[in-house]
Amino acid sequence: MNKKVTIVGAGLVGSLCSLYMTKRGYDVNIFERRKDLRKEIITAGKSINLALSTRGWTALKNAGIDNQVRKIAIPVYKRIMHDKKGVLTEQPYGNDGEAIYSVSRAKMNVLMMDLAEKNGANLFFNEKCIDVNFKTSSTTFENTKSKNQQIINSDFIIGADGTFSVVRKKMIEKYNHSFNYNEINHDYKELLIPSAKDNTYLLDKNALHIWPRGDFMLMALANLDGSFTCTLFAPKEGKNSFQSLNNKKNIEDFFKEMFPDFTKLVPDLYSQWNLNPTSNLAIVKTFPWHFKNTTLIIGDAAHATVPFYGQGMNCGFEDCRVLDELLNKHDNLTNCFKEYSNIRKPNGDGLQDLSLHNFIVMRDKTADPKFLLQKQIEKKFSNLYPDIWTPLYSMVSFSNIEYSKAWKIGLKQEEVMQTVMKIPNIEKVWKENQIMEKIKSLIIQ
C-alpha cells in the first residue's frame, strides 16, 4: 500500500517536495492556508526576486523539472554597483558562463503548484493548519472561509509552512524543541523599475544591480516583462531609516540624494512607497527538525534566513533533494528523519551565518576599491590553483558543497586575504608570482 504524505504549505519548497514524494509513488496531499495564487496572481508588494543557483538547479533537475523552470529564469552574470553619481562598477560572479538566475517568486510558485498537481499531488487551499498530533501522524485543518475543521491522517507529515510554521510551533509546544526567532534591525520595501515603452529594459538585465550606501542599500533584479523588482534595505530606526522616511518630501529627497540614477527611472516612486508594505527580516533556529517517524520540517519552517545570499529557496530545495536521498538510504523512517535533522541543521546554521556576512559585503564592501581588488586577486589565484581555492561565493552559488563547510573554508580564506591585502603596494604588485606563492603558502599552513 502506498504511503500517505501530508504536506503543510504549497509554497516553493512544499511544491517541490511533493514532486519528490509522488515520484516515489506516495499519495500526496498539500494543504495551503492561502487562496490559490493561480487564480489571482499577486506580483508585487512583498517579494524579493528569487536567485536560483547551482544547488537549486540540482534539486530541480533531480525532480525532473529544471527545463520548465529555465523558461522563466533570467541569467545574472555579475553585480553592477551604482555610486551616488551614477558611475557603474562591474564585478563578475564567477568565471565566464557562470550565472545565478533571476526568477519572479509569483511565477515560480504558480509553475511549481501546476507541476505538483500535474504529477499527482492533491492541492487544497484556504486550509489553515491548527493542530498536529505527532504520535498518530494526523493534522487538523480549518477552512478559512467556512470554518469547518477536518482531521487528516497520513503516514507522515512534512511542515513546509514557512517562517511562522504551525507545524514547528506545535513541535516546540508539545516537545520543547529548541527555538530562536531573531529579527534583525533592518527592514525592507519592494519597489519596481518599469519597463521602457517598448517593453525593453532600462538597465542591464543580466546583472544584479546594487546601490551600496553603508548601513542601507538598494538592489534590483530583472523580470521577464522588462521591469526590475527592486528592494530597499534600511534600518528600522535612526538616520536613513524607515522611521525617518515618513513623509513625501523626506522620501523624495532621500532617493534623489542617495539613488539619483534609480530615482529617474521610477516616476511613481511615492505612490509605490505608500502602496507596498514595509516588511521585517528574521532568522529562525530550531532543533530537532523532526519528531520520530511521523513529522519533519523543511525550508523556512526549519531555517528561515535573511535574503542577502539569495539562498533561502536554494537551501529549501536542497532539503528536498537530501530528504529524497535519505529515503533511498533508509527503510526505517525514524532513522531517516533523525539523520535528516542531524545533517541539515548545521547547513541551515551555515547558511544563516553566510547570509548575515553577505549583507555586510553588499552594503559596505562592494563600493570599496580594496575589496574589489581582493576579489580580483582571489579569482586569479583560484584560476591558477582550482584544487586548493574556490572563492566563497562560488562555493555557495556554483557548487553543492555543504553550507557549513563553505562557511568554515570561507573564514580561513578571509584570514589569508587579510594578510595578503596588508602587503605594501598590493594594488601594484598583486599580479606577480610572488603574491600567488604567498597565498599558496598561507593556505597550506
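Quick look at the values:
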quantity: THR390, sole failed condition from (1) of a type in the set (Val, Ile, Thr); (2) touching a residue at least 24 places away in the same chain (Cβ under 8 Å); (3) surrounded by 15 or more Cβ atoms within 10 Å (Cβ to Cβ); calculated: (2)
quantity: Selected residue (criterion: farthest from GLY94 (Cα to Cα)) from residues of region 347-375 that are of a type in the set (S, T, N, Q) and touching a strand residue (DSSP E or B) at 6+ places or on another chain (Cβ under 9 Å); calculated: GLN352
quantity: Residue check for PHE398: under 24 Å from ILE80 (Cβ atoms) and at pLDDT 95 or above; calculated: yes
quantity: Hits in region 150-169 (condition: closer than 19 Å to ALA10 by Cβ and not aliphatic (A, V, I, L, M)); calculated: GLN150, SER154, PHE156, GLY159, ASP161, GLY162, THR163, PHE164, SER165, ARG168, LYS169
quantity: Members of region 206-216 that are surrounded by fewer than 20 Cβ atoms within 10 Å (Cβ to Cβ) and at pLDDT 95 or above; calculated: ASN206
quantity: Test: residue in region 343-355 that is over 24 Å from the mean Cα position of the chain (by Cα) and modelled with pLDDT under 95; calculated: no
quantity: Residues of region 385-405 classified as assigned to a helix (DSSP H, G or I), closer than 19 Å to LYS345 by Cα and over 15 Å from the mean Cα position of the chain (by Cα), total; calculated: 3
quantity: Given (1) surrounded by 13 or more Cβ atoms within 10 Å (Cβ to Cβ); (2) in a strand (DSSP E or B); (3) among the β-branched types (Val, Ile, Thr), index of the condition ILE151 fails; calculated: (1)
quantity: Test: GLU318 is of a type outside the set (Val, Ile, Thr), modelled with pLDDT of 95 or more and either under 15 Å from the mean Cα position of the chain (by Cα) or within 20 Å of LYS285 (Cβ to Cβ) (or both); calculated: yes
quantity: Some residue of region 41-51 being within 21 Å of ILE158 (Cα to Cα) and among the small types (Gly, Ala, Ser); calculated: no
quantity: Qualifying position, being closer than 26 Å to HIS303 by Cβ, touching a Lys or Arg at 6+ places or on another chain (Cβ under 6 Å) and of a type in the set (Val, Ile, Thr), among VAL167, VAL76, VAL103, VAL110; calculated: VAL110
quantity: Tally of residues being of a type in the set (A, V, I, L, M, F, W, C) and modelled with pLDDT under 95 across region 194-205; calculated: 1
quantity: Pair list, Cβ under 8 Å, 6 or more apart: region 46-72 residue on the phi > 0 side of the Ramachandran plot, other residue in a helix (DSSP H, G or I); calculated: GLY64/LEU19; GLY64/LYS23
quantity: Cβ pairs under 6 Å, 6+ apart, first in region 94-106 and surrounded by fewer than 24 Cβ atoms within 10 Å (Cβ to Cβ), second of a type in the set (A, V, I, L, M, F, W, C); calculated: GLY94/PHE398; GLU98/PHE398; ALA99/VAL76; TYR101/LEU52; TYR101/ALA73; ARG105/LEU50; ALA106/ILE41
quantity: Residue tally, condition touching a Gly at 6+ places or on another chain (Cβ under 8 Å), polar (S, T, N, Q) and surrounded by fewer than 16 Cβ atoms within 10 Å (Cβ to Cβ), over region 260-299; calculated: 0
quantity: Residue in region 188-204 that is in contact with a helix residue (DSSP H, G or I) (Cβ under 6 Å, 6 or more places away or on another chain) and farther than 16 Å from ASN49 by Cα present; calculated: no
quantity: Region 122-140, residues that are closer than 14 Å to ALA10 by Cα, assigned to a strand (DSSP E or B) and not polar (S, T, N, Q); calculated: LEU123, PHE124, GLU127, LYS128, CYS129
quantity: Region 240-290, residues that are touching a residue at least 40 places away in the same chain (Cβ under 8 Å), farther than 30 Å from PHE337 by Cα and of a type in the set (S, T, N, Q); calculated: GLN272, ASN276, THR278, SER279, ASN280
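Quick grid of which residues meet (1) crowded, with 18+ Cβ neighbours inside 10 Å; (2) among the aromatic types (Phe, Trp, Tyr); (3) not assigned by TED's automatic domain parsing to the domain that holds ASP319:
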position	(1), (2), (3)
LYS380	no, no, yes
PRO386	no, no, yes
ALA406	yes, no, yes
VAL416	yes, no, yes
TRP430	yes, yes, yes
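The values are calculated or read from the model by the stated rules, or taken from the named source; none is laboratory data. Quick caveat: nothing in here was measured; it's all calculated off a predicted structure. Note that each Cβ is placed from the backbone with ideal geometry, even for glycine, and that neighbours are counted across all protein chains shown.
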